[in-house]
Amino acid sequence: MAFEFRHAVLDNGLTVIAETSSESHTAAVGFFVKTGARDEPRELMGVSHFLEHMVFKGTERRTADDVNRDFDRIGSSHNAFTTGELTAFHAHVLPEKLMEATAIIADILRPSLRQADFDEEKGVILEEIAMYDDNPFWRLWEHANERFFGAHPLGHRVLGTRETVGALTREQMQSYFDRRYCASNTVVCAAGALDFDKLVEQVQACCGSWQRGEVSRTHPPFHTHEERVMVPMKQANRAYLAWLCPAPSVQDPRRYAAAMLAQILGDSEGSRLYWALVETGIAEEAQAQFDGHDGIGEYVVYVACSPDNVARVDEIVRTELERVCTAISKKELANARAKIATAVAIAGERPDGRMRRLGSVWLYRGAYASLEEELAQIESLTVEDLLSVARDFPLRPTLRAQVVPETAVCST
C-alpha cells in the first residue's frame with residue numbers, strides 16, 4: 001500500500017502533516033502537543049495528565065455528554081494519552097467522517113476547565129494514583145525512573161503525586177494550558193484515505209484563531225550516578241527488579257542499533273534473558289528495552305521472580321549485559337531484525353498506527369521519515385553497529401531497583 005507524505009503550516013504556526021493513501025479503507029487523525037511530565041514545574045507534576053482528562057469534560061459548544069455522543073455518532077474509535085514528553089488526542093474513523101472527527105478534537109482542545117469539573121476530576125486522578133500505587137510493577141517503575149534521572153525533569157511522574165495533584169489549582173492548570181497548548185507547539189497528523197487540502201482547510205477553520213505562542217523545552221544536564229533502591233511493599237508477593245543504563249536519545253542515529261541490542265538481550269521470547277531466566281524457571285518475566293527520549297535515552301531491564309532468587313537473577317542479568325556487549329552472532333541479529341521489522345510493518349498497516357508514528361516522529365525530530373526509510377535503517381544494521389553502540393553506551397547499570405514483599409530480605 002503506497003502512502004504519500006503531505007505537509008503544511010498555518011499562519012499561526014500550527015503544523016499539519018499526513019500520509020495519504022487512496023487504498024486505505026479508514027482514516028485517522030491526531031492532535032499531538034509537545035508537552036508532558038518533563039515540561040511541568042516539579043510543584044505542578046501531573047498537570048499534563050490531569051489536563052488530558054479535563055479536555056473531555058466539555059467546551060463552550062459541548063458538554064461532556066455532547067463530546068461522547070458526537071464521537072459515538074460518527075462511529076469513532078478515539079482516545080488520548082500522556083507521556084513524559086507529549087500529549088495526544090486521536091480518532092480512527094471511516095474516511096467520510098474524518099472532518100467531523102477533526103472538528104470535535106479541535107473543539108475539545110479548547111476546554112472550559114470549569115471549577116466543578118476540575119474538583120470532580122481531581123478525585124478521579126487521586127484514585128488513579130492510589131490504584132497504580134498498589135501495582136508492584138508501576139511502583140518499581142516510578143521509583144526507578146525518578147531515581148535514575150534525579151533532578152532531570154524526565155524523572156517526573158506522569159500521574160503526579162498525591163501531594164502535587166492534591167495541591168493543584170484550576171488557575172495553575174489554566175496558566176499551564178495557555179502556555180503549552182498553543183498553535184506552534186501542536187501538530188495535527190492524519191493517515192489513510194483523506195483529501196489533504198480539505199483537511200488543512202478544516203484545521204484552518206477550527207484552529208486558525210489559536211494563539212501562536214512561544215514555547216520551548218529545557219534540556220538540563222543529566223548526570224549519571226550509581227545507586228541501589230529497595231522498596232518494601234505489603235501487597236507484593238514476588239520480587240520486581242529493574243536495571244537502568246544510559247542509552248542514545250531518540251534523535252541519535254545509533255537508536256536503531258540500541259533498539260536491536262535490547263531486542264537480542266531481552267525480547268519477551270527467544271532472547272538471551274528469556275533463555276537464561278524464564279526458560280530455566282528462575283524468573284517468570286525477563287525483558288529489556290531501549291527507551292529513547294528527547295536528548296537522552298536509557299536501557300531498562302525488568303525481571304519478576306521469587307524473592308529467594310533475587311541475588312541469582314542479579315548475577316545472571318549483569319553477566320548477560322556484559323556478554324551482549326562483546327559478542328553477537330549474525331543469527332541473533334537476523335532474528336531480531338525480522339521481529340522488529342515485522343512489528344513496525346504491522347503497526348504501519350493501519351491508519352491509526354501510521355498516524356501515531358507520524359505524530360511522534362515529527363514532535364521528536366521535526367522532520368519526516370517514511371516507514372520504508374525506517375525499515376531500511378533496520379535492515380542495514382550489522383553486528384559491528386550493535387557492538388559499536390555498546391561501546392559508546394556500555395550496558396553497566398547505574399541504577400538497580402527492586403520492589404519486594406515487606407517480609408522478604410533481599411540484597412543485591
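Nothing in this text is a laboratory measurement; each read-out follows from the coordinates by a stated rule. In this text the structure is predicted, and so the values were computed from the model without any measurement. All Cβ positions, even for glycine, are placed from backbone atoms using ideal geometry, and neighbour counts span all protein chains on display.
Working note: Debye formula, equal point scatterers on the alpha-carbon atoms of region 13-55, no solvent; log10 I(q)/I(0) at q = 0.19 Å⁻¹ is -0.74.
With the simple spin-label model, which puts each label point 7 Å out from Cα in the Cβ direction, the His223 to Val124 separation comes to 4.1 nm. Projected onto planes of every orientation and averaged, the convex hull of the alpha-carbon atoms in region 227-405 covers 10.9 nm².
Of all the options His225, His293, His78, the one that moves most in a Gaussian network model of the chain with Cα springs shorter than 10 angstrom is His225. Projected onto planes of every orientation and averaged, the convex hull of the alpha-carbon atoms in the chain covers 19.9 nm². Axis of helix 330-347 versus longest Cα principal axis of the chain: the two differ by about 20°, to the nearest ten degrees.
3J(HN,Hα) along region 275-281: 5, 7, 10, 7, 4, 7, x Hz, from the Karplus curve 6.51 cos²θ - 1.76 cosθ + 1.60 with θ = phi - 60°, whole Hz, x for Gly and Pro. Scoring 236-243, 198-205, 347-354 by mean Cβ neighbours within 10 Å over their residues and listing the highest first yields 236-243, 347-354, 198-205.
The equivalent ellipsoid that matches the C-alpha gyration tensor of region 1-77 spans semi-axes of 28, 21, 13 angstrom, in descending order. Can you compute log10 of I(q)/I(0) for region 4-207 with the Debye formula, treating each Cα as one identical point scatterer, at q = 0.11, 0.14 Å⁻¹? Rounded to two decimals, the profile gives -0.55, -0.86.
Extension gain, Leu94 to Val215: 0.36 nm times the residue separation minus the Cα-Cα distance gives 40.1 nm. Principal axis extents of the Cα atoms in region 321-381, from largest to smallest and rounded to whole angstrom, are 37, 23, 19.
Just to be sure I understand the curve: with the Debye formula and one point per C-alpha of region 97-187, what is log10 I(q)/I(0) at q = 0.13, 0.19, 0.22 Å⁻¹? The Debye formula, applied to the Cα set alone, gives -0.64, -1.07, -1.15. Per-residue ellipticity at 222 nm, computed for the chain from helices alone with -39500 (n - 2.57) per DSSP H run of at least four residues, works out to -13000 deg cm²/dmol. Note on the chain: Lys pairs 8 or more places apart or on different chains, Cα atoms under 27 Å apart, count 10. Think of each Lys and Arg Cβ as +1 and each Asp and Glu Cβ as -1; about the Cα centre, that makes the dipole of region 165-307 roughly 340 debye. Computed packing ranks the peptides 9-18, 170-179 as 9-18, 170-179, most packed first, by mean other Cβ atoms within 10 Å. Our coupling estimate for region 165-173, obtained by passing each phi through the Karplus curve with A = 6.51, B = -1.76, C = 1.60 and θ = phi - 60°, is 5, x, 8, 5, 10, 4, 5, 5, 5 Hz, Gly and Pro reported as x. Can you list the residues, at least 5 places off or on another chain, whose amide H is less than 5 Å from the amide H of Met230, using H built in the peptide plane? Under 5 Å from the amide H of Met230 lie the amide H atoms of Gln402, each far enough along the sequence or on another chain.
Distance distribution note for region 243-317: the fraction of Cα pairs above 22 angstrom is 27%. Enclosing the Cα atoms of region 358-412 in their convex hull gives a volume equal to 187 cubic angstrom per residue.
For the peptides 94-101, 208-215, residues were scored by their other Cβ atoms within 10 Å and the scores averaged per peptide; the highest-first order is 94-101, 208-215. Going by neighbour counts of Cβ atoms within 10 Å, the residues Phe137, Phe118 line up, fewest first, as Phe137, Phe118.
What number, in percent, do you get for the relative contact order of the chain if the mean sequence gap of Cα pairs under 8 Å and at least 6 apart is divided by its residue count? So the answer I get is 22 percent.
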